[in-house]
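Chemist: I have a structure I would like to understand better, so I am pasting it below and will then ask my questions one at a time.
Read the figures in this text as sums done on the coordinates, not as results from a lab. What you are looking at is a predicted structure, and each value in this text was computed from that prediction instead of being measured. Cβ placement follows ideal geometry from the backbone for every residue including glycine, while neighbour counts extend to all protein chains displayed.
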């Protein structure tokens, strides 16, 4: 498991613009540099097509891939890189894996863990997507009751732990540019916590995780949802709480742990949308009132006051400055 970067910035490989004869050598080179040593080969007569994105955190690497049918073979002679890690694979269509004389078939709606330090064969028979979480064994093993017993078996992904895990990843993908060194450390710990819950954390670890990684994942999922729905003027804490099976007070507490409130977060999202529209030439024909209503505001006077307080310029001044506030230092 390679982890040169620790800021969740994406490192990508795509076969789209490569000649068919060049795809496999280029993919193998990328895979060996960014993931681990393995032999990759297409399955059947379908030409190889693959897009891979690798994102790294201090104790964890995430691979997101979409590919044609392929086989990944890690022979005993290839297990010489000192990798002691666990990979949790979440597929869209399914795969078959063999390791230590055991075989597991994983279908849609399931996931399975594999040992990166062991020889293995992984094969998918159709076009599909995969999310693979690779975490160091030293990080995850203290949190799981019997880690080895949790591997090489199908696990349903409908559980709350998996939903929070995948939701938190989507939040991090959307906001990776805002992650500083401290935030990447926290994100790594939270993802490892959620992985442990998915694999089967012990009772003591579960209690600790619920107050740490699970809470962070819940807040991240809510923020992600609110940021996408904030233009809806009818959005309120009650509807958000109902969507996530929480009480309004529980939602409010999650935002309080982040040093803000639900109302302030929604307001900042709407103001950010408005600023982007005012700086985008595609919306130059929109009046200020139209921009305000489009972004979820129902009172133009309130919008103007909040906008000036947030950015140090009126919406009109912001537009005339091309999206940059008239007062230096207030552009977030």
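Chemist: Taking the Cβ-Cβ separation of residue 263 and residue 66 as r and a Förster radius of 51 Å, what is the calculated FRET efficiency to the nearest 0.05? Let's see the in-between values first.
Modeler: Values: r = 39 Å, r/R0 = 0.76.
The formula returns an efficiency of 0.85 here.
Chemist: Full extension from residue 19 to residue 243: what is 0.36 nm times the residue separation minus their Cα-Cα distance, to one decimal in nm?
Modeler: Details: separation 224, 0.36 × 224 = 80.64 nm, distance 4.64 nm.
This chain segment gains 76.0 nm when fully extended.
Chemist: Angle check, please: helix 248-257 long axis (alpha carbons) against the longest principal axis of the chain (alpha carbons), in degrees 0 to 90, nearest 10.
Modeler: So the helix axis and the longest Cα principal axis differ by about 80 degrees.
Chemist: Take the Cα pairs of region 250-332, get the Kirkwood Rh, then feed it into Stokes-Einstein at 20 °C and 1.002 mPa s and tell me D in µm²/s. Can you show the working numbers first?
Modeler: Details: Rh = 13.3 Å.
Answer from the Stokes-Einstein relation: 161 µm²/s.
Chemist: If each DSSP helix of 4+ residues adds -39,500 (n - 2.57) and the sum is divided by the residues in the chain, what number results at 222 nm, nearest 500 deg cm²/dmol? Could you put the intermediate results ahead of the total?
Modeler: Working: 13 runs with 142 residues, N = 332.
After summing the helix terms and dividing by the residues of the chain, the value is -13000 deg cm²/dmol.
Chemist: Between residue 119 and residue 185, what's the calculated FRET efficiency when r is the beta-carbon distance and R0 is 25 Å? Round to 0.05. List each step's numbers first, then the result.
Modeler: Values: r = 33 Å, r/R0 = 1.31.
The pair residue 119/residue 185 has a calculated efficiency of 0.15.
Chemist: In degrees from 0 to 90, rounded to the nearest 10, what is the angle of the helix 213-229 Cα long axis to the longest principal axis of the chain?
Modeler: 50 degrees
Chemist: Quickly work out the residue 129-to-residue 80 label distance, labels modelled 7 Å from Cα along the C-beta direction, and quote it in nm with one decimal.
Modeler: Going by the 7 Å Cα→Cβ label model, 3.8 nm.
Chemist: Take the Cβ-Cβ distance between residue 225 and residue 53 as r, set R0 to 25 Å, and report the resulting FRET efficiency rounded to the nearest 0.05. Before the final figure, lay out the partial values.
Modeler: Numbers: r = 23 Å, r/R0 = 0.91.
According to the calculation, E is roughly 0.65.
Chemist: Run through all the Cα pairs of the chain and give the fraction in each 20 Å bin from 0, expressed as whole percent.
Modeler: P(r) for the chain, in whole percents per bin: 27, 48, 23, 1.
Chemist: Angle check, please: helix 160-175 long axis (alpha carbons) against the longest principal axis of the chain (alpha carbons), in degrees 0 to 90, nearest 10.
Modeler: So the helix axis and the longest Cα principal axis differ by about 60 degrees.
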